[in-house]
Amino acid sequence: MRRFDATELRKTILTMAYSGATVHIGCAFSIVEILAVLYRNHLRLDRDNPRAPLRDYMVLSKGHGVMAQYACLHELGYVSQEEVRDYFGDGTRLKGLADVHVPGVEATCGSLGHGLSVAAGLALAARLNKTDQRIYVLVGDGELNEGPIWEAVMFAVHFKLDNLVIVVDKNGFQAMGSTDEVMRLGNIEDKFSAFGCEAIAVDGHDEAALDEAFMSCHQHMDERPKVIVAKTVKGKGVSFMENDNAWHYTRLKVDSYNAAMTELRERIA
Amino acid sequence: MRNAFSDALVMAAKADPKILLLTGDHGYALFDAFRKACPEQYINCGIAEQNMVGVAAGLARAGFFPVVYGLAAFVPVRVLEQIKIDICYEALPVVLIGDGAGFVYSHLGSSHQSTEDIACARAIPGLAILSPGDRFEMSAAMQLAFDLKSPVYLRMGKSDRGDVHAAPVSFRLGELLCVRAGNTGMVLLATGSMLKAALDLVDNGLGAEVWSVPTIKPLDTQQLAAIATRNSGVVVIEEHSISGGLGACVTEIIASMYGTTRVCRIGVEDRFSQYCGSYEYLLKEHQLDTLSLRRRVDEFGAILSE
C-alpha cells in the first residue's frame, strides 16, 4: 500500500469522527493531500523520536483540521490504533484541536491566528542555529481573518525566513458561510505577494502538483517566505460532503458514516 | 532599578547566547547597553505584540530563552491568550517583562496605565509573577527568572522611588522578605512601587512590621500564614486593582486559614483614572499617596483595637 494514501487517511478520519461523534470533518478532508505529500516526501522526521532536535516542523495552525494530522501521525506511529478507535473517550489525549502535548503536534492551535507566529519563531530559531530545517505551517483561508496572521507575515518577510513554507487551505468556506460572504479575502496570492512573500497557487488535491510546489519552495532560497495557496474542496473525498459547509459542524450518524465509508472503500477497490 | 534590570539582562545574555531579547518596538534608551553588548541577540519585532509572543514560543520550543519586553498594558494584558496557549500550556522558558506597570504613564491615560495585569496573569497555570520593589530585588528577580526555565511575568512599575534594602538580596520563588521588624499586631505587606511607600509610612512613625512581596505567584503560603498568625491585622498595599491583585491573593490565603486575622486591601478601586496629571497626582487620585495611605492604615488600626 502506498504510504500516506489519501483515501486511507480519510478512512482513519472517518473512523475517528464517528467514534468521537465529532465535528470538523469537512475541515479535515480538505487538507488530506497536502499533509499526505508533506509527510510522505518532505518532512524529515524521526519515527522513534517525535522531538528530534533537527526535525522539520509541521505546524497545523488551522487546528480544527487536526483529525487529518492524527491520521498521518497514526501512520507514522506517533498515534496508536487504540487512540484512533477511542477518539474523544474519557481520559484520552487526542483532543478536537491541535494540542502540543501530542507527539508530532508542534503548536497548540484551534484558537486561530497562533500557529503562523510560532512557526515564524521556529524558522528564526533554525536560522539562528544555522540548521537546514524547514518549517511548514498550514493555515485556513478563513483563518486569514485573524490580525496576527498578517503581523506574522510581515515578521517573516522582514527577517527573510525563506525556510518557512505557509500553505493556505483555500477551501472557500469558514464556519458560518463562504469566505466571500463572511469576510471577502480577494486574491490571496496577491495579498501575500504584496507583503513580500513568494506566492504560488496550486490544486490542493493534486499530489503531483503539491509535490512540485514544495520542491520549488526548497529550491528558491531567495530570502522570501514561501506561500502555497492550495485550492481545495471542503469535505473532499466523500461526494455528499464536498462543498457542503454543513460538514463543518455536522456529526456522523450510522447511515452517513456507512455511506461515507462505503464510498471511500469503493474508491480503493 | 532600570539600570539593575539592564545590567542583569546584559550579564545573562553575555553568558548565554541562547538568551534573546524581543521587544515590540519599545524600550527607547533602556536597551542601549544590550544592543551594544549583544547586538545579535536583540530582535525588534515591530509594533505587533501578539506575533512577538508567538515568535517567542517558537524560539523557546527550539531551545532559546526569549525575554519578551513590552509595556505592562500590552505584555501581558494585550497578549494574554498568546501567553496562555503559546507559552504557558507548554511551560516554555520565556520571561515576559511588563514595564510601566501601575500609573507610570500618568499623562498618557488609561490605555497605557496597567492596574489589572496581575489579576489577568495570575489565573494562568504555571506562570510565575515577580514584582521587585527596588534595584536589589530587581537584580535578584532577574536572576530567579533566568534560573527558573519556565514562564515568568516580571512586573516593572515606578522604578525611581529609591532603595528599600541596604545591600543585595536574594529570594526563593514565593519567599517574602522582612524589611522592618515590629510588634504592634499589624503587618504591612507591599509589592513593587508600594514597598517604598510602606517603608516611608513606618519610618515616619507608624510602628508596624513590613514585608516585601517580590513574588506574587506562587506565594509561600506557610510563610504568609506564619506572618498572619502572629498579627491581628494584615495590610496589603499595591499599585494594582484590589480585584485579583496581591491583596486578593493574600486575602484568599488568610481566609483559607479560618483564623481571626483581618485583612485591609489597599490598591486601585474598581475604576479608571479620571484625569491627566503627574504620577504623584494620580497616586493621590487613587488614594495611594503617603497621606491617604496613612489615613487608611490608621482607620484599619482603629478597627483592630476596637
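The values are calculated or read from the model by the stated rules, or taken from the named source; none is laboratory data. Only a predicted model underlies this, so the values are computations on that prediction, with no experimental measurement involved. All Cβ positions, glycine included, derive from the backbone under ideal geometry; neighbour counts span all protein chains shown.
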Subject >> Condition check for B:Thr260: without any contact (Cβ under 8 Å) to a residue 40 or more places away in the chain, closer than 27 Å to B:Gly185 by Cβ and under 21 Å from the mean Cα position of the chain (by Cα) >> reply: no
**OP:** Answer yes or no as to whether A:His74 is away from chain B (no Cβ under 12 Å) and touching a helix residue (DSSP H, G or I) at 6+ places or on another chain (Cβ under 7 Å).
**Re:** yes
Original post:
Inside the range A:252-269, can you point out the residues that are within 21 Å of the chain's Cα centre (by Cα) and at pLDDT below 95?
Top reply: none
Original post:
Any idea which residue in the range B:57-69 is nearest to the other protein chains (Cβ to nearest Cβ), counting only those that are among the hydrophobic types (A, V, I, L, M, F, W, C) and either more than 16 Å from B:Ala12 (Cβ to Cβ) or out of contact with any helix residue (DSSP H, G or I) (no Cβ under 8 Å at 6 or more places or on another chain) (or both)?
Top reply: B:Ala62
Original post:
Counting just the residues of the range B:55-74 that are aliphatic (A, V, I, L, M) and outside any helix (DSSP H, G or I), which one comes out surrounded by the fewest Cβ atoms within 10 Å (Cβ to Cβ)?
Top reply: B:Ala62
Original post:
Looking at B:Asp160, B:Asp147, which one is over 22 Å from B:Arg265 (Cα atoms), in contact (Cβ under 8 Å) with a residue 40 or more places away in the chain and not β-branched (Val, Ile, Thr)?
Top reply: B:Asp160
Subject >> Residue satisfying condition, being within 14 Å of chain B (Cβ to nearest Cβ), without any contact (Cβ under 8 Å) to a residue 60 or more places away in the chain and either assigned to a loop (DSSP other than H, G, I, E, B) or among the aromatic types (Phe, Trp, Tyr) (or both), within set A:Phe192, A:Phe155 >> reply: A:Phe155
**OP:** State all residues of the range B:75-95 that are under 15 Å from the mean Cα position of the chain (by Cα) and surrounded by 24 or more Cβ atoms within 10 Å (Cβ to Cβ); if no residue qualifies, say none.
**Re:** B:Val75, B:Pro76, B:Val95
Subject >> All positions within the range A:116-141 that are more than 8 Å from chain B (Cβ to nearest Cβ) and without any contact (Cβ under 8 Å) to a residue 60 or more places away in the chain >> reply: A:Arg127, A:Lys130, A:Asp132, A:Asp141
Subject >> Residue selected from the range A:89-104 under the condition hydrophobic (A, V, I, L, M, F, W, C) and more than 11 Å from every other protein chain (Cβ to nearest Cβ), by the criterion farthest from B:Gly63 (Cα to Cα) >> reply: A:Leu94
Original post:
Between residues in the range A:39-52 that are aromatic (Phe, Trp, Tyr) and residues that are crowded, with 16+ Cβ neighbours inside 10 Å and assigned to a helix (DSSP H, G or I), which pairs lie under 8 Å by C-beta distance while being six or more apart or on different chains?
Top reply: A:Tyr39/A:Cys72; A:Tyr39/A:Glu75; A:Tyr39/A:Leu76
Subject >> Filter result for the condition that a residue is under 23 Å from B:Val53 (Cα atoms) and crowded, with 24+ Cβ neighbours inside 10 Å, over B:Gly133, B:Gly192, B:Gly157 >> reply: B:Gly157
Original post:
In this structure, does B:Asp163 turn out to be within 14 Å of the chain's Cα centre (by Cα) and not polar (S, T, N, Q)?
Top reply: no
**OP:** Can you give me the number of residues within the range B:232-250 that are farther than 19 Å from B:Met138 by Cα and not in a strand (DSSP E or B)?
**Re:** 9
**OP:** Sort out which residues of the range A:177-220 are under 13 Å from A:Asn145 (Cα atoms) and under 20 Å from the mean Cα position of the chain (by Cα), and write them in order of number.
**Re:** A:Ser178, A:Thr179, A:Leu185, A:Ile188
Subject >> Subset tally (residues that are buried (at least 20 other Cβ atoms within 10 Å of the Cβ), assigned to a loop (DSSP other than H, G, I, E, B) and of a type in the set (A, V, I, L, M)) for the range B:96-123 >> reply: 2
**OP:** Can you run down the residue pairs with Cβ atoms below 7 Å, 6 or more apart or on separate chains, where the first is in the range B:73-86 and more than 9 Å from every other protein chain (Cβ to nearest Cβ) and the partner is surrounded by fewer than 24 Cβ atoms within 10 Å (Cβ to Cβ) and among the acidic types (Asp, Glu)?
**Re:** B:Val77/B:Glu116
Subject >> Positions within the range B:255-295 being more than 17 Å from B:Ser193 (Cα to Cα) and in a helix (DSSP H, G or I), in sequence order >> reply: B:Ala255, B:Arg295
**OP:** Run down A:Val79, A:Val84 and say which single residue is part of a loop (DSSP other than H, G, I, E, B), modelled with pLDDT of 95 or more and out of contact with any Asp or Glu (no Cβ under 6 Å at 6 or more places or on another chain).
**Re:** A:Val79
Original post:
With respect to B:Tyr105, is the statement that it is in contact with a strand residue (DSSP E or B) (Cβ under 9 Å, 6 or more places away or on another chain), hydroxyl-bearing (Ser, Thr, Tyr), away from chain A (no Cβ under 14 Å) and more than 22 Å from A:Leu164 (Cβ to Cβ) true?
Top reply: yes
Original post:
Which of (1) assigned to a helix (DSSP H, G or I); (2) over 22 Å from the mean Cα position of the chain (by Cα) is the odd one out, the single condition A:Glu223 does not satisfy?
Top reply: (1)
**OP:** State all residues of the range A:1-42 that are β-branched (Val, Ile, Thr) and within 20 Å of A:Asn243 (Cβ to Cβ); if no residue qualifies, say none.
**Re:** A:Thr7, A:Ile13, A:Val23, A:Ile25, A:Ile31, A:Val32, A:Ile34
